[in-house]
Each structure stands twice: as structure tokens, then as C-alpha cells.
Amino acid sequence: MNLTKSFLGAATVVAFGAGAATAEPGLIIDLGGKFDKSFNESAFNGAKRWSEATGNDYRESELQSEAQREQSMRRMAESGADPVVVLGFANASTLEAVAPDYPDTKFTIVDMVVGQPNVQSVVFAEHEGSYLVGMLAAMASKSNTVGFIGGMDVPLIRKFACGYAEGVKAVNGDATVIANMTGTTPTAWNDPVKGAELTRAQISQGADVVYAAAGGTGVGVLQAAADEGVYSIGVDSNQNYMHPGSVLTSMVKRVDNAVETSFQTAADGTFQTGIQVMDLSNDGVGYAIDEHNRALITAEMEAAVEEAKAKIIAGEITVHDYTSTDSCPSLSF
């Protein structure tokens, strides 16, 4: 029977001890918890899928505070986990310091680049996927006003917002895009009440489609949109099921694939360090259509988005990446 070893606190992690007979991969869940229905949960699902497919165990810990980042990384490495997968840009500086102390341990970081020889850095073309859902938002909107609600105000989330706005404007150059961030600290990832408040404020300004890129905060965005009778757009995981008929689509970011691939390549000896880019060309990002939103996406809408997707992959459309210039031609923050 498959038993996932779950380390819910740092003391529990160290109790497992070093010196395991065979290396098991490790996953460190970031702040917000593994059931955030978004980024962390996608990572957890990838680890669980690998475990179920192979019959092998993996080790898991969940951060409860910023102060646990270094301690959790070191204890996971010292327990013998290999590779150790850490989630989120906030872990970059810590991993930069920790990785050299464990040169025989492989690390994967999702959403940031760390230039150490034993680190694999997985980054996503969130702007490309956001462009596609922006097109869908513009085509679905009747008010010509759509919204974006981000979590923590950091360049990565502005990358989502900027791609989204560009996609909106590609369909309707006269559309208005309202953008708000939930906050400037990590608590912004897990504040559904604030997310709901921001959503209602955007609706009062005319927004009839609201895209959430806010982790657990997005749960409040999707709920408020459903309550007020407007469309929402989910993020990272496919969130269409949360409010069928209200969630227009979800910008899926395949963090699950990144984690599963890290675990599997380490196991079969094909793990590669350096930068791994997940974009539209390798289904690293995309948009979700399923039984929960099929009726909302017309054939014409889907055809337009698929045409744009093909052009982005072919290089005929270049979506601006906010992080390349720290600016956004399509949106003012």
C-alpha cells in the first residue's frame, strides 16, 4: 500500500532522520497549504500522481511561516530526500544559500531561477496562457470591462496581469481592464475575504469577467463572482468545477507536471539541472474546457483562441513578458 510520508512540522521532519536506504523525493508545500485549490494543490496532485503510478513513497512538508523556509529545506535534504522540490519564487534566495551545502542532493524550484549546479529551475510562460484567457474574457464580456485580481504584488503576478490585458486588447482595443493586487506580503495568497471584496468593487465598476491569479485568495474571487452573476477565470489548477457555469475558464499552469517530471527523472536517471521552460508549446500553460464550462465557450471563441495559440507557438505573435522589462504596455498598475 502506498503511504505518503507527511511532515507537517519541522520537528517531525528531522525525526525521520538521515540515512534512508533508498532516496525518496521530497516536496515542500509553500504557504497557503496544499489544499489551496490552486498552485500548491496542483503540485501536491503531481506528487500524488507519481506516487500512485509508481507505488513509491515521497516525503512532504508544509511551510507554516516564512521563518521555516531554510530549516525545512535543510531538514528535507538531511533526511535523504532526493530530489527536493520547493515551490514559489520566495524560496529562491534561501535555495541559493542551501543548495551548495548539499552538492549530492538534487533540487527543483518552481517559478524562479536559481543558478546552482545541482538545481533545476522550472519557469512558466504565464503571460502566454493569460493572453488566451484574456481573449476569452473579452469575447464573453458584454460590458467591455473586465477585471484582474492578483495575490501578492510581485513581478510574477504582474506577468499574469499584463498577458491577460494584452489578450483582452487583442480582441477589443476599447475594453477596460481593472487590475488590483490583494497585498504586498505573503498573506495576500490566502485572503479569500479580501479577494471577494475586491471582486465586488470591480463589479461595481462594470467588470463582468474577473480573472484571479491569487492562490487561495482566488477562492473568494470565484465565489463573489458566482454570487453576483458574473464570470470568473480560475488559475493554476483547473477551477472550472468550483462554480459550474460561472467560471468561464481556468488558466492552467501545469505545476503538477513539473513536480511529477522532477520525481520521475530523478528516479530514472534523466534529471537535468538548469532552466526548464514550460509554455504553450509543451502544454506547460493553457486554458481549460470541460463539462463545467463547455456551454460558455462558443465554437467561434475556441477557434479564435486556438488560432492565437498556434501563432504564439510559431512566433507570429509575441506576448509581452512583464518580467523582461518591468513594464506593461497594455496595463497601468
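Descriptive notes on the structure:
- Here the contact order of the chain, divided by its residue count and restricted to Cα pairs under 8 Å and six or more residues apart, works out to 19 percent.
- Distance distribution note for the stretch 233-333: the fraction of Cα pairs above 15 angstrom is 73%.
- Backbone amide hydrogens, once placed in the peptide plane, bring ILE275 within less than 5 Å of SER121, excluding anything fewer than 5 places away on its chain.
- Most simply put, the chain has about 5% antiparallel DSSP beta bridges, counting only bridges with both residues inside it.
- Under-5 Å amide H pairs with GLY284, H placed in peptide plane, nonlocal only: ASP279
- Based on the reciprocal of the average 1/r between different C-alpha atoms, the Kirkwood radius for the chain equals 20.1 Å.
- Packing-based exposure ordering (other Cβ within 10 Å, fewest first) of ILE157, ILE149: ILE157, ILE149
- Cα-Cα over 31 Å, subset of LYS48/LYS311; LYS37/LYS142; LYS34/LYS142; LYS106/LYS194: LYS48/LYS311; LYS34/LYS142; LYS106/LYS194
- Radius ratio Rg over Rh of the stretch 78-223, counting only Cα atoms, Kirkwood formula for Rh: 1.10
- Exposure proxy for THR261, THR249, THR298: other Cβ atoms within 10 Å of each Cβ, ordered fewest to most, give THR298, THR261, THR249.
- For the stretch 294-306, the Karplus equation 6.51 cos²θ - 1.76 cosθ + 1.60, evaluated at θ = phi - 60°, returns couplings of 3, 5, 8, 9, 6, 4, 5, 4, 5, 4, 5, 5, 5 Hz by residue, with Gly and Pro reported as x.
- Net charge over other residues, Cβ less than 10 angstrom from the Cβ of PHE124 (K, R count +1; D, E count -1): -2
- Annotation: the antiparallel percentage among DSSP beta bridges lying fully within the stretch 181-333 is about 25.
- Among VAL84, VAL98, VAL285: highest mean-square fluctuation, GNM of the chain, C-alpha pairs under 10 Å: VAL98
- Highest GNM mean-square fluctuation among GLU197, GLU307, GLU228, for the chain modelled with Cα contacts below 10 Å: GLU307.
Values quoted throughout were computed directly from the atomic coordinates according to the rules given, and no laboratory measurement underlies them. Being a predicted model, the structure only gives us computed values, none of them experimental. Here the Cβ is made from the backbone with ideal geometry for all residues, glycine too, and neighbour counts use every protein chain on show.
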